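Worksheet: the structure to be examined is printed underneath.
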Amino acid sequence: MAGTAVPAAPAAIPGTPVPGGRIIEAMLGDATNLIPPLSSDSASHEVADLIYVAPLRYDKDINLECFAAQSYEVLDDGKLLKFVLKPGIRWFDGVELTAADVEFTYKLMIDPKTPTAYAGDFKAVSSFTVTGKYSFEVRYDEPFARSLVTWASAILPRHALEGQDLMNTEQSRNPLGAGPYKLSVWEPGRRIVLDVNPDYFEGRAYLDQVVYRIIPDLSTMFLELKAGNLDMMGLTPQQYLHQTTGREWDEKFRKYKYLSFGYTFLGYNLQNPMFADVRVRRALAHAIDKQEIVKGVLLGLGMPTIGPYKPGTWIYNESIKDYAFDPAKAKAMLAEAGWTPGKNGLLTKDGKPFSFTILTNQGNDQRIKTATIIQQRLKEIGVEVAIRTVEWAAFIKEFVDTGRFDAIIMGWTIPQDPDGYDVWHSSRAVPGGLNFVGFKNAEADALLEKGRRTLDQAERKKYYDAFQEILHREQPYCFLYAPYALPILAARFQGVEPAPAGIAYNFTKWWVPKNLQTFSLTRD
């Protein structure tokens, strides 16, 4: 259901992995900055993940494991972390990576002059101490559940960035890392090319080159895949089910399907008097048919959801029973809240019609279709809904960040750690904050605070289960669905092993048989 990626054939070719070849992938948008803390877009982070290393990383089962670290210890009830780095890791210029680089990265992250959205976890540290060339320890005043996750962040090179103006350094376009690949070419708006790092400390990756082509349209992207100009992309449900079937597709490609780490929601502006009454928000939940949306928008390739966590994971509260699709009950609840039929059957209260606008971003067909289905269902119970789409940057800057909306359809990526403080805590309900719907609940605040102060998973589950029950009861969002990720990959790529983490976690182990390689750094 929510676990391992499922391949749709053909089987892997047996044989011994060999180096060589390249992979050409597609991205909808260009990267913006290849210094990870300075960018928040997914394209920048996807590329940077192959350029940098971190003390820790997630394994195939989404558990933290050592990466650049040789070992780590959690001591003093979680208030002290001790790390030892692997010796011999080298930056692309041959300089050795040491604990001084980790210290430099930490100081950069807590510097108020660093324009980063990721400082919070680092600011929870009370002291950072280098204890040897390869060792350091981190102390907290109280247990912090995200303490280990913090150290799964990229290490930055002190000798290259120290004293630099981060907003104008060439490192943002020509990064110095220690990862499996290094930047070769960046043609803005067109392509990013990475060449293999032969001195990578975990051993040379098999593929010689990774090419990201920037193609801002899914239909164009699909035509490029069909023409053989792409090796990999994420399919739409329509493409997955109906446009990639038949013998030729089965011979040339492998398709995968797994529940993505993300969800889509309808969020209400809780400062709007129309949505201030919880009975109204619950009534709307009864009026929306989530199964209909999953079937009509995702063609069944997704799951209805009830909260901000991925179904099937340890943190998801399986005991919550969703609001049943029941228009009659929705009408009765709205009547109880004072909304009664007026002219043309439109519900009114105090002389005002129940009429609002759903805002979402241009170019996202799934969200627009979702809004259209909701519009029709709410019309049937006497609620008038308009739909407005806005270009992405303006959508965030001018409407979401400023709270200028009635309701929005958006999505969140689900982080590996369940801490939802930044999205749901009352203190984050500020202009530009992630709690842009204005949800404020003292009981939820207390649970979020307790959840990040304990490292015990069973204890955390109690707090977050209770937190999910509050969200379900209060309905600041109508949580809609978690879609399936639907990657397609040319069949010549071997070593792909689907797991709960998806398919890309072991990317450095992917390889192409010699007779199927179309590129080599040594001969091309």
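The values are calculated or read from the model by the stated rules, or taken from the named source; none is laboratory data. Here the structure is a predicted model, which is why all the values come from computation and not from measurement. We place every Cβ from the backbone using ideal geometry, glycine too, and count neighbours over all the protein chains shown. All accessible areas refer to the heavy atoms of the entire protein, side chains included, with ligands and DNA or RNA removed. Shrake-Rupley method; radii C 1.70, N 1.55, O 1.52, S 1.80 Å.
The share of accessible area on the chain that comes from carbon and sulfur is 50 percent, using a 1.4 angstrom probe. For the residue pairs Lys349/Lys440; Lys255/Lys290; Lys257/Lys369; Lys60/Lys397, the C-alpha atoms sit more than 30 angstrom apart in Lys60/Lys397.
Considering only DSSP beta bridges where both residues belong to the stretch 314-456, give the percentage that are antiparallel (nearest 5). Close to 30 percent. Converting the Cα gyration tensor eigenvalues of the stretch 11-129 into ellipsoid dimensions via √(5λ) gives semi-axes, longest first, of 29, 21, 16 Å. Extents of the stretch 273-355, largest first, come to 47, 26, 20 Å (Cα atoms, principal axes, whole angstrom). For the chain, the antiparallel share of DSSP beta bridges with both residues in that region comes to about 80%.
Ranked by the mean number of other Cβ atoms within 10 Å per residue, highest first, peptides 257-263, 163-169 order as 257-263, 163-169.
If you average 1/r over every pair of different alpha-carbon atoms in the chain and take one over that average, what Kirkwood value in Å do you get? All intermediate terms of the calculation are to be shown ahead of the outcome.
Details: mean 1/r = 0.0399 Å⁻¹.
Hydrodynamic radius (Kirkwood, Cα pairs) of the chain is 25.1 Å.
Electrostatic bookkeeping for Ser219 treats Lys and Arg as +1 and Asp and Glu as -1; over the other residues with beta carbon under 13 Å from its beta carbon, the sum is -2. Two numbers describe the Cα atoms of the stretch 167-231: Rg and Dmax, which are 14.4, 40 Å.
For Lys514, the lysines whose Cα falls under 22 Å of its own Cα, not counting residues fewer than eight places away in the same chain, are Lys252. Between Ala393 and Cys66, the FRET efficiency from the beta-carbon distance, with R0 = 45 Å, is close to 0.70.
Could you tell me which of rounded, prolate or oblate describes the stretch 106-151, using a ≥ b ≥ c as the square roots of the eigenvalues of the alpha-carbon gyration tensor, with rounded for a/c under 1.5 and, failing that, prolate when a/b is larger than b/c and oblate otherwise? Oblate, since a/c reaches 1.5 and b/c is not below a/b. Taking a ≥ b ≥ c as the square roots of the eigenvalues of the alpha carbon gyration tensor, the stretch 46-115 is rounded, as a/c is under 1.5. Using Cα positions and a limit of under 17 Å, work out the aspartates and glutamates in reach of Lys133, with same-chain residues fewer than 8 apart set aside. By straight Cα distance, Lys133 reaches Glu96, Asp101, Glu103. Which of the pairs Lys331/Lys379; Lys226/Lys310; Lys82/Lys182 have their Cα atoms more than 23 Å apart in this structure? With Cα atoms farther than 23 Å apart: Lys226/Lys310; Lys82/Lys182. Distance from the C-alpha centroid of the stretch 106-176 to that of the stretch 293-325: 36 Å, rounded to the whole angstrom. Taking only the Cα atoms of the stretch 77-125, the ratio Rg/Rh comes out at 1.04, with Rh defined as the Kirkwood radius. Shown here is the pair-distance distribution of the stretch 317-442: with all Cα-Cα distances grouped in 5 Å bins from zero up to the longest one, the shares run 2, 9, 14, 16, 18, 19, 15, 5, 1, 0 percent. Shown is the FRET efficiency for Ala499 and Ser126, computed with R0 = 25 Å from the Cβ-Cβ distance and rounded to the nearest 0.05: 0.10.
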